[in-house]
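One structure is given here, and the rest of the page talks about it.
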């Protein structure tokens, strides 16, 4: 396609992009980072910037110079199926995480004009802030629903991340709904919203002036020149080794460690469960999500909706991470759906239960009840009523856990950690401490939703910013 484009009379290269929303996630063996909901819990903009740099290199390695990321939506209702694409319910955290933009595109020179698209070179990509102002505030968390808010609230809650993105030189902004802003960037419509035949007809009928078309062309050409596409329109084969590079996987593992939020550690505060001992006689690892890389990565992984299984891409499941961490003399029993009687008679020192949501994306993820999907609740009951247990929840948002929290000894929100499950074991067993803090309010019941930090009658199960800490074991 590119060869055909540059062979035309004007020799204008095409620009094409991809949804690289947690790494170069459509490519087999690429590094899959935690989804944004987990990265928000890290409170680490520098980490997010480094993730942007790694993602840019892996995208460029496949000849793709443009990514439809980052999502800078401020998700105000976890019932929304795209909430895991949002860093936080809090505007300040989302603003901080726009630091991924200079990671993707490169740092804007200090003497450069602010608000102008910028891409540093062939090891960077053009970024796209999405999905227009207010998309994270839709009524009842329904995807592409109306956002009911006054103008002051829109400017205070949803607009600031876009201002920051523009100042940092973001190359484009994706338009979902709403009125145009005064931008130098490209505004990118979501596919299927406007057919070229309709546009051509409107121009011919002079409903759309040719000057408007020329303005759009000027913006696109400017970004293409900024990206260096005219000078280097083709993939750089020297970058091929960047796909799933070991240093990127180490970075993803670091991100997993920092994203984990410890919400309970022992039924009595003076008797913590975590970190776990590496040497034990016999332990149980249970649950649908303990040995499933697809579940671990979530939506937008290889395919749009994501999928289950361990052949989806390369990585380490939580079960395999535990196996590689504990002492060789520790006997590990794995059961996806253990029976209570077997747990009771198993003589386990402790159990690790890993359950959660299946993968989903966009409207398919809209959810009005936010309960832990079956058989998760029965697994928790069968295990935690009969042995000391650590429950790890794999999910794109907080779920209803109040009915089970009393029977759980330790509870960890792992979000959607991606391919590097070893990061989970790193913290469970004390090689590193828990440091993550909730970037979302953890509600008691869905009847409370939407409920965000600063609201009246704020009465969560775990408040925004909560997260227990542990120290690395010496």
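The values are calculated or read from the model by the stated rules, or taken from the named source; none is laboratory data. Since the structure is predicted, the reported quantities are computational estimates derived from the model, not experimental observations. Every residue, glycine as well, gets a Cβ built from its backbone with ideal geometry; the counts of neighbours run over all protein chains shown.
For the subset of region 371-385 comprising residues that are in contact with a strand residue (DSSP E or B) (Cβ under 9 Å, 6 or more places away or on another chain) and surrounded by fewer than 20 Cβ atoms within 10 Å (Cβ to Cβ), which member is nearest to residue 275 (Cα to Cα)? Can you show your working first?
Step one: list which residues in region 371-385 are in contact with a strand residue (DSSP E or B) (Cβ under 9 Å, 6 or more places away or on another chain), which gives 371-373, 375-377, 379-380, 382-384.
This time we only want the ones that are surrounded by fewer than 20 Cβ atoms within 10 Å (Cβ to Cβ), so: 371, 373, 375, 377.
Working: 371: 28, 373: 27, 375: 27, 377: 24 Å.
Taking the candidates together, the pick is 377.
Return yes when residue 460 is within 23 Å of residue 39 (Cα to Cα) and free of Cβ contacts under 8 Å to residues at least 40 places away in the same chain and no when it is not.
Values: within 23 Å of residue 39 (Cα to Cα): yes; free of Cβ contacts under 8 Å to residues at least 40 places away in the same chain: yes.
Yes; evaluated as a whole, the condition is true for this residue.
Restricting attention to region 1-17, and to residues there that are in contact with a helix residue (DSSP H, G or I) (Cβ under 7 Å, 6 or more places away or on another chain) and surrounded by fewer than 18 Cβ atoms within 10 Å (Cβ to Cβ), which single residue is nearest to residue 82 (Cα to Cα)?
The selected residue is 14.
Can you tell which of 417, 403 is within 23 Å of residue 259 (Cα to Cα) and part of a loop (DSSP other than H, G, I, E, B)?
That would be 417, the only listed residue that is within 23 Å of residue 259 (Cα to Cα) and part of a loop (DSSP other than H, G, I, E, B).
Do we find that residue 396 is farther than 13 Å from residue 258 by Cα, assigned to a loop (DSSP other than H, G, I, E, B) and assigned by TED's automatic domain parsing to the domain that holds residue 346 in this structure? Let's see the steps before the verdict.
Values: farther than 13 Å from residue 258 by Cα: yes; assigned to a loop (DSSP other than H, G, I, E, B): yes; assigned by TED's automatic domain parsing to the domain that holds residue 346: yes.
So residue 396 fits the description; yes.
Sort out which residues of region 105-140 are part of a helix (DSSP H, G or I) and farther than 29 Å from residue 153 by Cβ, and write them in order of number.
105
Table: residues versus (1) touching a residue at least 24 places away in the same chain (Cβ under 8 Å); (2) part of a strand (DSSP E or B); (3) within 22 Å of the chain's Cα centre (by Cα); (4) not assigned by TED's automatic domain parsing to the domain that holds residue 408.
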{"site": "299", "(1), (2), (3), (4)": "yes, no, yes, no"}
{"site": "306", "(1), (2), (3), (4)": "yes, no, yes, no"}
{"site": "309", "(1), (2), (3), (4)": "no, no, yes, no"}
{"site": "319", "(1), (2), (3), (4)": "yes, no, yes, no"}
{"site": "324", "(1), (2), (3), (4)": "yes, no, no, no"}
{"site": "338", "(1), (2), (3), (4)": "yes, no, no, no"}
{"site": "341", "(1), (2), (3), (4)": "no, no, no, no"}
{"site": "344", "(1), (2), (3), (4)": "yes, no, no, no"}
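Would you mention how many residues in region 201-246 are out of contact with any helix residue (DSSP H, G or I) (no Cβ under 8 Å at 6 or more places or on another chain) and either within 30 Å of residue 413 (Cα to Cα) or assigned to a helix (DSSP H, G or I) (or both)?
Of the residues in that region, 22 qualify.
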